[in-house]
1. Only one of (1) polar (S, T, N, Q); (2) over 60 Å from the mean Cα position of the chain (by Cα); (3) within 16 Å of the ligand (Cβ to nearest atom); (4) over 17 Å from Leu290 (Cα atoms) is not met by Gln234, so which one is it?
2. From the list Ala254, Ala266, pick out the single residue that is surrounded by 11 or more Cβ atoms within 10 Å (Cβ to Cβ), part of a loop (DSSP other than H, G, I, E, B) and either among the aromatic types (Phe, Trp, Tyr) or within 16 Å of the ligand (Cβ to nearest atom) (or both).
3. Within the range 310-340, which residues are surrounded by fewer than 21 Cβ atoms within 10 Å (Cβ to Cβ) and more than 16 Å from the ligand (Cβ to nearest atom)?
4. Being at pLDDT below 95 and either of a type in the set (Lys, Arg) or within 16 Å of the ligand (Cβ to nearest atom) (or both) is the requirement here; does Asp306 meet it?
5. Return yes when Ala215 is open to solvent by less than 70 Å² (accessible area, probe 1.4 Å), assigned to a strand (DSSP E or B), within 16 Å of the ligand (Cβ to nearest atom) and out of contact with any His (no Cβ under 6 Å at 6 or more places or on another chain) and no when it is not.
6. At pLDDT 90 or above, of a type outside the set (Ser, Thr, Tyr) and within 16 Å of the ligand (Cβ to nearest atom): does that describe Ala247?
7. Applying the selection to the range 269-295, what residues are within 16 Å of the ligand (Cβ to nearest atom) and of a type in the set (Ser, Thr, Tyr)?
8. Residues in the range 47-59 that are open to solvent by 70 Å² or more (accessible area, probe 1.4 Å) and not in a loop (DSSP other than H, G, I, E, B): how many?
Amino acid sequence: MRLREAEVGQGRGYRAVPFIITSVVLCAALAFACWYVSKSQECAVTVVAWDREVALHTTASTVAEVLEEANIQLAEGDVCDKPLDTPVVEGLRVEVYRAEPRFVYYDGNVTTVFTTEKSVSAVLALANITPGPDDVVLPDVDALLSDGEPVRVVRVTYEDVWEDRVVAFKTETRPDDSIEAGLTRVYREGVTGIERVRYLVRYEDGKEVSRKEVAKGTVREPVSKIILTGTLTQMSRGGENIRFTRAIEVKATAYCPCVKCCGAYANGTTHIGLPAKQGVIAVDPRLIPLGTRVYVDGYGYAVAADTGGAIKGNRIDVCFDTHDEALRWGIKQVKVYVLE
Ligand SMILES: [Zn+2]
């Protein structure tokens, strides 16, 4: 009986072995099945990014998950060629483009846009800039940008500007027979005119770059200056008729041959060798050539025969025989008539 029990016991033991083997085999089969099934659900996917290409066998279900698995983060402006919720299928190819910074210069500001767009118009739209009708876009809105090329919008504005301008007056001369030849008199002073000019001023980014005259009007006409030029060539002095070629207005001082007037070493003769006496005057030879016969108002007839250190330009020195006479003359503003 004991033996049987033992056999029975043994018999139960022997029946347990196949059960364990079967279980192990089943588990293995199940694991393999699971692995096989999951393996068969993986898809081969290729991700082409700006810097690398990644080949994946993935169970991801959307493009977003694929990018995450490939460790690719999309930043502002980066573009994926497929919507992120696109389902993953075998052989899927996903391309990702990295955005570049684009600088847009406008109104003195710089706007940075991150985009893969190359067209100027698209970049402007992203920067939220609408150029005005006169604005200049560089390069042209239809152009495509090269790498790193910025977009510039030059703001062009126009303004009407009025400006008053001085107009010079003309000078006229008129002959006048009441004035001695060689002398002139201002009959009327000139007055400058004013004209108002309208300019169209062009500004680029607020700076004036050009102005064009578009209209002009007169505010005040200029008034010509009138100068009378003498034509008189004869005069009467002490009942005598004297003819002359021209008159000159001068400042006249007086001298005599004395030491006080001519210095200790003066020899009493003039520059051209005539004795210094009444009837001789000292002149600036550039104004009155030496040897010229003249009539000096208040003095009488004389010859330009002498020179003097102080006698320059419209100056003469009239000679008297005595020092007293010279002192009496003093300084006078007179006319010198150059005789024919
Ligand atoms: Zn003297």
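The values are calculated or read from the model by the stated rules, or taken from the named source; none is laboratory data. Note that the structure is a prediction, hence the values are computed from the model and not measured. Here the Cβ is made from the backbone with ideal geometry for all residues, glycine too, and neighbour counts use every protein chain on show. Heads up: the accessible areas ignore ligands, DNA and RNA and are worked out on the full protein's heavy atoms, side chains in. Shrake-Rupley method; radii C 1.70, N 1.55, O 1.52, S 1.80 Å.
1. Every listed condition holds for Gln234 apart from (3).
2. Values: Ala254 fails: part of a loop (DSSP other than H, G, I, E, B).
Just one listed residue meets the conditions, Ala266.
3. Within the range 310-340, Lys312, Gly313, Asn314, Arg315, Lys332, Gln333, Val334, Lys335, Val338, Leu339, Glu340 meet the criteria.
4. Details: at pLDDT below 95: yes; either of a type in the set (Lys, Arg) or within 16 Å of the ligand (Cβ to nearest atom) (or both): yes.
Answer is yes for this residue.
5. Working: open to solvent by less than 70 Å² (accessible area, probe 1.4 Å): yes; assigned to a strand (DSSP E or B): yes; within 16 Å of the ligand (Cβ to nearest atom): no; out of contact with any His (no Cβ under 6 Å at 6 or more places or on another chain): yes.
The answer is no for Ala215.
6. It is false that Ala247 is at pLDDT 90 or above, of a type outside the set (Ser, Thr, Tyr) and within 16 Å of the ligand (Cβ to nearest atom).
7. Keep residues of the range 269-295 that are within 16 Å of the ligand (Cβ to nearest atom), which gives 269-270, 275-282.
Across the range 269-295, the qualifying residues are Thr269, Thr270.
8. The first filter runs over the range 47-59 and keeps only residues open to solvent by 70 Å² or more (accessible area, probe 1.4 Å), leaving 50-53, 55, 57, 59.
With not in a loop (DSSP other than H, G, I, E, B) added as a condition, the list becomes 53, 55, 57.
Number satisfying all stated conditions: 3.
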